[in-house]
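S.K.: One structure, as structure tokens, below. Some questions next.
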Amino acid sequence: MNHPTYLLDRIENKDSHTLAAYREAGGYSALEKVLKSMSPADVIDEIKASGLRGRGGAGFPTGLKWSFMPDPEKDTRPRHLAVNADESEPGTCKDRVLMREDPHGLVEGTLIACYAMRCQAAYIYVRGEYRLPYQRVQAAIDEAREAGLVGENIAGSGFSCEIYMHKGAGAYICGEETGLMESLEGKRGHPRPKPPFPAGFGLWGRPTTVNNVETIFNAPFIIDRGADWFRTMGSEKSPGNFLCGISGQVERPGVYELPLGMPAREILEKVAGGVWKQRKLKAWIPGGSSTGFQRPETIDTPMDHDSLKAMGSMFGTGAMIILDETASIVRSARVLLDFYEHESCGQCSQCREGTQWLAQIFRRIEIGEGRMEDIQLLEDLANGMAPGKTICALSDAAAIPTHSVVRNFRDELEEYVREGGHPDYRQGRVLEETTS
């Protein structure tokens, strides 16, 4: 199970969050290389050659995304980078580790990305609950500015870039790139229709690129060690390592750095110690709640973008959630749909009404008031919500788990309807969590 790592190599160092420790570990050498010997186009070409794909959910090629920014010779508007540190997808807890333990890695990656896209400013949007990670990144920015690495004429290179922190208020919808930009502008976090796309009309109507924390964090390693090195890890179409946050009913939950393409079974059994209490696997979610409930027979699927897509799911944020044989899929789905109902911004009727109805139907099936026709109703409602029928993907994120339950665990839905709901209700026990 030995495999090369790099993303988490520095976090065990003493005071890893400080500039001194980061410098001692070779930090900012990639930025120095960029400023001294690479053009912005060279940087983008290297990121393209590496095959780095976004680690925030969609898996879009990062270098290609950077290249979408308009030619500065033809478009002289100021341009910006927005770093998505909202990390609100249920089951996802990887970016906070990087921000808390190695914040200068994010600062250096942000500066390299801004240099490549000729951005004058970057905005790091952090979810409000991440108090310590926020403080650590802000302290790292302050240290870097004091050292001449942030601000005007960085390291005497003529390149100037400012980095600003912005604290969100805990809204899931602000993890969507246009909702994030609306929030940064001081408005409600309501996603914008696309087009126009952020590269042409983003923050304050200016060219903007939005990248996830882990995506940006990869950039210094690629520049320092080269695209060929990066491609020695992971799979052919999904190179590099990823941070796998595995949670749920496992022996060793946590955040692990693993190569893309590692089979999910190997991650579960060898990395996370297997399903806890020597129980059997009932279901798993590959990449955060919006990637759906999968049957245990699919656990041999490689954890990479294309393999999971072929299996009928998505890589998402790489956050695996494990459910054992005692878990209730119906209750788990109801909890998720309660979340999506609460987090819908309400702009689109399919999402505003659909999430409420899905939550209500799962609820009544759970408490023993379900009907057999409710199963088809769940599917019909989800069909009306996705794919791509609303301004943003929150509606899809609620519909996908619903479809997966109907497709993969219809037998449990039918059992709950026939037998009178969750066993707690059948036996006269109602847990506090079910009454929320």
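S.K.: Can you find a residue in region 332-351 that is touching a helix residue (DSSP H, G or I) at 6+ places or on another chain (Cβ under 7 Å), on the phi > 0 side of the Ramachandran plot and modelled with pLDDT of 95 or more?
M.R.: Within region 332-351, one or more residues are touching a helix residue (DSSP H, G or I) at 6+ places or on another chain (Cβ under 7 Å), on the phi > 0 side of the Ramachandran plot and modelled with pLDDT of 95 or more.
S.K.: When you go through W229, W276 one by one, which is the residue that is without any contact (Cβ under 8 Å) to a residue 60 or more places away in the chain, in contact with a Phe, Trp or Tyr (Cβ under 9 Å, 6 or more places away or on another chain) and not charged (D, E, K, R)?
M.R.: W229
S.K.: A further question on this structure: Please work out which residue is surrounded by the fewest Cβ atoms within 10 Å (Cβ to Cβ), limiting yourself to region 226-245 and to residues that are on the phi > 0 side of the Ramachandran plot and out of contact with any helix residue (DSSP H, G or I) (no Cβ under 6 Å at 6 or more places or on another chain).
M.R.: Once the filter is applied, the top-ranked residue is G226.
S.K.: Here's a follow-up. Could you check region 359-374 and list, in sequence order, the residues that are free of Cβ contacts under 8 Å to residues at least 24 places away in the same chain and either farther than 17 Å from I329 by Cβ or of a type in the set (S, T, N, Q) (or both)?
M.R.: Selection gives Q360, E373.
S.K.: Looking only at region 331-346, which residues are of a type in the set (A, V, I, L, M) and buried (at least 21 other Cβ atoms within 10 Å of the Cβ)?
M.R.: A333, L336, L337
S.K.: Among the residues of region 146-155 satisfying the criterion of being at pLDDT 95 or above and in a helix (DSSP H, G or I), which is nearest to A82 (Cα to Cα)?
M.R.: The extreme case among them is I154.
S.K.: Picking from L381, L377, L337, L413, which residue would you name as being in contact (Cβ under 8 Å) with a residue 12 or more places away in the chain, closer than 22 Å to C174 by Cα and outside the structural domain of E176 (by TED's automatic domain parsing)?
M.R.: L337
S.K.: Return only the number of the condition from (1) surrounded by 17 or more Cβ atoms within 10 Å (Cβ to Cβ); (2) closer than 29 Å to T402 by Cβ that K280 does not satisfy.
M.R.: Every condition holds for K280 apart from (1).
S.K.: Could you name every one of the strands (runs of 3 or more DSSP E) located completely within region 208-310 that has at least 2 residues being among the β-branched types (V, I, T)?
M.R.: 208-212
S.K.: Can I ask one more? Determine which member of the set E162, E108, E143, E129 is part of a helix (DSSP H, G or I), in the same structural domain as K36 (by TED's automatic domain parsing) and surrounded by fewer than 23 Cβ atoms within 10 Å (Cβ to Cβ).
M.R.: E143
S.K.: Tell me, yes or no, whether region 354-369 has at least one residue that is outside the structural domain of N408 (by TED's automatic domain parsing) and of a type in the set (D, E, K, R).
M.R.: Within region 354-369, none of the residues are outside the structural domain of N408 (by TED's automatic domain parsing) and of a type in the set (D, E, K, R).
S.K.: Can you pull out every residue in region 209-225 that is crowded, with 21+ Cβ neighbours inside 10 Å and either of a type in the set (G, A, S) or over 19 Å from the mean Cα position of the chain (by Cα) (or both)?
M.R.: A219, P220, F221, I222, I223
S.K.: Here's another thing I want to ask about it. Looking at (1) under 17 Å from T110 (Cα atoms); (2) surrounded by fewer than 17 Cβ atoms within 10 Å (Cβ to Cβ), which one does F197 not meet, given that it meets all the others?
M.R.: Condition (1) is where F197 drops out.
S.K.: When you look at P103, is it modelled with pLDDT under 95 and on the phi < 0 side of the Ramachandran plot, yes or no?
M.R.: No: the conditions fail for P103.
The values are calculated or read from the model by the stated rules, or taken from the named source; none is laboratory data. Computed from a predicted structure; not experimentally measured. Note that we place each Cβ from the backbone using ideal geometry, even for glycine, and neighbour counts take in every protein chain shown.
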